[in-house]
1. Could you check how many residues of region B:224-264 are away from every other protein chain (no Cβ under 12 Å) and of a type in the set (Asp, Glu)?
2. Give the residues of region B:380-418 that are within 14 Å of chain A (Cβ to nearest Cβ) and aromatic (Phe, Trp, Tyr), sorted by residue number.
3. Spot the failing condition for B:PHE178; the list is (1) surrounded by fewer than 24 Cβ atoms within 10 Å (Cβ to Cβ); (2) in contact (Cβ under 8 Å) with a residue 24 or more places away in the chain, and only one is missed.
4. So for region B:74-85 (the condition being over 21 Å from the mean Cα position of the chain (by Cα), more than 14 Å from every other protein chain (Cβ to nearest Cβ) and crowded, with 20+ Cβ neighbours inside 10 Å), does at least one residue qualify?
5. In this structure, is B:PHE173 open to solvent by 10 Å² or more (accessible area, probe 1.4 Å), closer than 20 Å to B:GLY459 by Cβ and touching a residue at least 24 places away in the same chain (Cβ under 8 Å)?
6. Going by what's in this entry, would B:GLY212 be described as modelled with pLDDT under 95, away from chain A (no Cβ under 14 Å) and either touching a helix residue (DSSP H, G or I) at 6+ places or on another chain (Cβ under 7 Å) or farther than 29 Å from B:THR28 by Cα (or both)?
7. Only residues that are open to solvent by 20 Å² or more (accessible area, probe 1.4 Å) and basic (Lys, Arg): list them for region B:241-289, please.
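The values are calculated or read from the model by the stated rules, or taken from the named source; none is laboratory data. Please read all numbers here as calculations on a predicted model, not as lab measurements. Neighbour counts run over all protein chains shown; Cβ positions are idealised from the backbone, glycine included. Keep in mind that these areas ignore ligands, DNA and RNA; they rest on the heavy atoms of the full protein, side chains included. Shrake-Rupley method; radii C 1.70, N 1.55, O 1.52, S 1.80 Å.
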Amino acid sequence: MTALLLGGWVALIFVSYRLSVSMLKKAGKF
Amino acid sequence: MFDLQMVDWARAQFALTAMYHWLFVPLTLGLSFLCAFFETIYVRTGREEWKNLTRFWMTLFGINFAIGVATGIILEFEFGTNWSNYSWMVGDIFGAPLAIEGIVAFFLEATFFAVMFFGWDRVSKNFHLFSTWMVAIGSNLSALWILVANGWMQYPIGMAFNPDTVRFEMENFWAVLFSPVALAKFTHTTSSSFIVGSFFVIAVSSWYLLKGRHIEMAKKSIIVASVFGLLSATYAAWTGDESAYSNASTQPMKLAAYEGLYDGEKNAGIVALGVVNPAKQPGDQQQPFLFEIKIPGLLSLLANRELGSFVPGINDLVYGNEQEGITSVAARMEKGREAISDLAAYKTAKRAGDATAAEISLARFNTNRDSLGYGYLESPEQTVPSVAITFYAFHIMVFFGTFFLLLFLLFLIFSVKDTLAGKRGLLMLGVGSFFLAMIASQSGWVVAEVGRQPWAIQGLLPVNVATTDIGTGSVQATFFMFLAVFTLLLAAEIKIMLKQIKIGPEGL
């Protein structure tokens with residue numbers, strides 16, 4: 001569970017960035 | 001020997017400082033990553049508008065960062081001034097993560113903070129971006145070490161008691177660092193801070209959209225913040241569940257208090273909405289709630305991951321439950337008092353050079369050592385924290401946390417569709433959302449800290465023996481002094497922040 005929690009935390013940061021970029025592109029605001 | 005009133009004032013002062021500190025910290029933790037996202041997009045696209053947007057949010061980040069540091073330093077000093085017995089008994093363990101936080105994490109963020117702020121035209125684009133990411137990672141590493149220290153107070157592991165010095169000494173640093181409670185606390189606290197940071201960006205941007213100013217910047221900011229907020233709120237729900245699950249095994253009294261569960265039961269339900277009966281006391285026959293809406297069976301599932309399992313209530317934990325193997329507090333208090341007297345006998349024998357008597361006393365002490373802290377309690381009911389405060393704080397946190405998921409989703413959908421500017425009601429809610437997020441975040445800490453009373457360290461050291469033996473007057477005086485200083489600092493921050501927001505990104 002420890003690895004899952006910490007892995008999830010790191011993934012949260014990077015997925016947030018990646019998804020932000022794709023949403024900005026989708027909205028034509030990148 | 002110990003002045004109970006001193007305990008109350010010392011607790012009040014620490015709570016005051018911590019709650020003021022927590023007005024600034026979550027914004028630092030959340031906004032630092034958002035600034036890193038914004039600047040990464042600037043470096044990738046090379047577009048000036050992203051640079052202006054980044055510099056604007058970074059300016060607000062900087063204003064907030066400075067005051068967060070000021071209140072945090074005072075907190076660390078209070079361990080020495082008001083809680084010196086605590087510092088004496090557990091300083092070996094508790095001091096380590098605090099020292100690492102200062103030397104490693106804070107120095108890291110402070111060094112790169114200077115580059116981030118003053119290095120725009122002095123270092124390369126990539127090095128500046130690296131600095132911004134280091135500030136975000138450093139800030140969150142600071143939080144990690146502080147939360148490891150707090151997690152250890154809630155679930156003390158990795159240490160041994162030294163009867164010669166009457167101190168707890170660290171035996172396993174990694175057990176302290178990777179404690180399941182500490183990690184659940186770190187992941188839940190930081191992700192809830194990401195929610196606060198995201199709502200700050202949404203609140204300011206919503207205000208711009210309502211005023212018809214900086215429209216493009218506001219729309220871009222909202223898209224990034226609502227993605228970060230939505231994912232963070234989802235993650236916070238998971239880590240919050242993990243925190244409650246760890247409470248069930250490490251702090252069952254805290255769980256029983258914030259669920260308002262007096263009589264343990266199999267297939268225990270959760271009171272989703274309720275009004276606590278203020279007259280209810282442990283052991284009496286009154287109803288715990290004046291009004292309640294209950295979801296059957298859910299608490300057993302969440303607390304033990306097993307439907308139909310037994311969840312102990314306040315009465316089981318105070319008065320014992322033989323069937324479930326729960327020892328009463330009164331029995332542990334008896335053992336604790338024996339441990340205190342055996343420890344005193346051991347020290348007397350050691351001083352007198354009587355090795356045999358010392359050995360016998362130490363052996364007797366060791367049989368009751370785990371109940372030592374209970375020997376300082378005055379009554380079994382003292383182990384029950386305020387049910388009303390923890391119940392309401394917990395439910396406010398959970399209610400808002402769930403509401404935030406929906407709010408982030410709405411902001412994301414309408415900002416990507418570019419129809420947000422016309423939705424004035426939602427934008428006004430967006431402006432207010434930051435304050436709701438602050439209330440939810442503070443409520444979480446109220447649950448964590450009020451819920452572990454009367455223990456400074458869970459099961460080992462009650463607050464009434466953790467304090468410094470000084471007069472109440474000096475703590476009272478500094479309480480009101482801090483109250484005035486912190487309020488001035490907060491007023492100054494709000495004034496500078498609002499001025500900068502009114503100027504907007506063009507004034508940079």
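1. Selection size over region B:224-264: 2.
2. B:PHE408, B:PHE411, B:PHE414
3. (2)
4. no
5. no
6. no
7. B:LYS266
One line per residue, one yes/no per condition, for (1) away from chain A (no Cβ under 12 Å); (2) within 15 Å of B:TRP57 (Cα to Cα); (3) not in a loop (DSSP other than H, G, I, E, B):
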| position | (1), (2), (3) |
| --- | --- |
| B:VAL181 | no, no, yes |
| B:SER198 | no, yes, yes |
| B:ALA203 | yes, yes, yes |
| B:SER206 | yes, yes, yes |
| B:ILE222 | no, yes, yes |
